[in-house]
Amino acid sequence: MEYKNLGRSGLQVSAVGLGCNNFGMRCDKEQSAAVVQKALELGVTFFDTANIYGGTRSEEFLGAALGPRRKEVVLATKFAGPVGGGVLNKGTSRRHLIQAAEDSLGRLGTDWIDLYQIHFPDPATPIEETLPAMDDLVRSGKVRYIGCSNFSGWQIADAQWTARVNHLSPLVSAQNEYNLLDRRVEREVVPACNAYGLGVLPYFPLASGFLTGKYRQGEPPPEDTRLAAWGARGQQVLSERNFHILGKLQDVADSLGKSMLALAIGWLASQPYVSSVIAGATKPEQVEQNVAAGNRLTPDELAQVDAATRREAA
Ligand code: NAP
């Protein structure tokens, strides 16, 4: 396993991490524990969850699965999504985010969160309110580093300047959708991350499993897969456009003698600004395959993958 710095911070994370949004949804407590144990066994140290995953059960299952090994890993969670009803229980206000952090600490069964991320921008709260409240959590020892998710390039620049002029903890990471079918972050978000020292954490790195090659055009999605469980939403991923790009990638994979998974994960892991590829998994075997697919591609291999996807996906 390779370990990389998270952006310009000194925090080292495994190049292949584990996304935990299946826990409490597609995975029960026992299955979640099996997935986490396999990840630990293979040297995965970066675990990403959120307070809203699995109706808050993802944090509970992850905390229970880690147990005393919690101190060996980098635990990342998020806030801003609605928990419970009402206008007070969502967003990035000082009031809500401090409560959300306390609740996450309790569910995770830990005294500190390594990376606390704003799940998505909250148009109702100025960043001048959110960042000082997050900084207070850092100073109190409850949080080590802070990050953002689903921010645009200008929102990252705005947040970093707000932190800089007010001597607050800077954002060290940006979590955004990024995979071989969707490279839009390369336009504005990646340049902002490079300029302001944030590591990129690509979410949906496998396009929800589509980039493993297990779905076939014109055939129903195999049972017991996410895109089958998603119904109509799954059909949107199984589009003609996506199968067209997948076909081009399969040609590259065949000519290089590599699996589709090795292209999908290896291509992301090769980008210098990507700190950890947080692929999700529902089974321990998937974690094994995803970790094995985390090797960097050569410059020539990268150029071939780039040529196959740049026009449609970037
Ligand atoms: P993903 O990594 O693109 O896809 C994960 C899914 O693909 C798995 O749940 C599994 O689904 C399938 N899969 C994984 N490895 C496989 C393998 N080796 N062979 C065959 N199938 C495999 O999607 P994701 O888990 O949603 O995204 C990763 C993480 O990003 C999440 O866990 C979460 O932490 C984060 N995330 C963040 C946001 C945000 O707004 N910040 C949004 C979405 C996700 P099945 O077995 O069910 O088919």
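The values are calculated or read from the model by the stated rules, or taken from the named source; none is laboratory data. Just so we're clear, the structure is a prediction, and the values are computed from it rather than from any experiment. Glycine gets a Cβ as well: all are built from the backbone with ideal geometry, and neighbour counts include every protein chain shown. Protein only, heavy atoms only, side chains kept; ligands, DNA and RNA dropped before computing areas. Shrake-Rupley method; radii C 1.70, N 1.55, O 1.52, S 1.80 Å.
For the range 1-146, the alpha carbon convex hull comes to 104 Å³ per residue, rounded to a whole number.
Apply the Karplus parameterisation 6.51 cos²θ - 1.76 cosθ + 1.60, with θ equal to phi minus 60°, to every residue of the range 20-28 and state each ³J(HN,Hα) to the nearest whole Hz, in sequence, with x for glycine and proline. Computed from phi, the couplings for the range 20-28 are 10, 6, 6, 5, x, 10, 7, 10, 7 Hz. If I take R0 = 41 Å and measure r between the Cβ atoms of Asp111 and Ala228 in this structure, what FRET efficiency does the formula 1/(1 + (r/R0)^6) give, to the nearest 0.05? Rounded to the nearest 0.05, the efficiency is 0.55. Using R₀ = 25 Å, calculate the FRET efficiency as 1/(1 + (r/R₀)^6) where r is the Cβ-Cβ separation of Ala157 and Gln12; round to 0.05. For Ala157 and Gln12, the calculated efficiency is 0.45.
When the helices in the chain are scored as -39500 (n - 2.57) per DSSP H run of 4 or longer and the sum is shared across all residues, what 222 nm value do you end up with, to the nearest 500 deg cm²/dmol?
Working: 12 runs with 135 residues, N = 314.
The helix-only estimate for the chain comes to -13000 deg cm²/dmol at 222 nm.
When a 1.4 Å probe is rolled over the protein heavy atoms, the share of accessible surface on the range 192-248 that falls to carbon and sulfur comes to 50 percent. Peptides 224-235, 31-42, 120-131, ordered by how many other C-beta atoms sit within 10 Å of their residues on average, highest first, read 31-42, 120-131, 224-235.
I'd like the distance between the alpha-carbon centres of the range 35-89 and the range 182-258, rounded to an integer number of Å. One Cα centre to the other: 24 Å.
Relative to the longest principal axis of the Cα atoms of the chain, helix 94-108 runs at roughly 60 degrees.
Extent of the range 164-277 along its three principal axes (Cα atoms, max minus min coordinate, largest first): 55, 34, 22 Å.
Which FRET efficiency value, to the nearest 0.05, is calculated for Leu256 and Arg311 with the Förster distance at 25 angstrom and r the Cβ-Cβ distance?
Working: r = 20 Å, r/R0 = 0.79.
So, using R0 = 25 Å, E works out to roughly 0.80.
Between the helical axis of 299-313 and the longest alpha-carbon principal axis of the chain there is an angle of about 80 degrees. In the range 106-213, the C-alpha radius of gyration followed by the widest Cα-Cα span (Dmax) gives 14.8, 48 angstrom. Label separation (Gln217 vs Arg187): 2.6 nm, computed from points 7 Å beyond Cα along the C-beta direction.
Using the Karplus relation 6.51 cos²θ - 1.76 cosθ + 1.60 with θ = phi - 60°, the per-residue 3J(HN,Hα) values for the range 190-206 come to 5, x, 5, 4, 5, 6, 10, x, 9, x, 8, 10, x, 9, 6, x, 9 Hz, with x marking Gly and Pro. Heavy-atom surface analysis with a 1.4 Å probe gives the range 45-122 a carbon and sulfur content of 54 percent of its accessible area.
Accessible area per residue, 1.4 Å probe, Å², for the range 1-132: what's the number? Could the numbers behind the result be given before it?
Numbers: 5300 Å² over 132 residues.
In whole numbers, the range 1-132 has 40 Å² accessible per residue.
All C-alpha pair distances within the chain, sorted into 10 Å bins from zero, spread as 6, 28, 36, 24, 7, 0 percent across the bins. Relative to the dominant Cα principal axis of the chain, helix 57-66 is inclined by about 90°.
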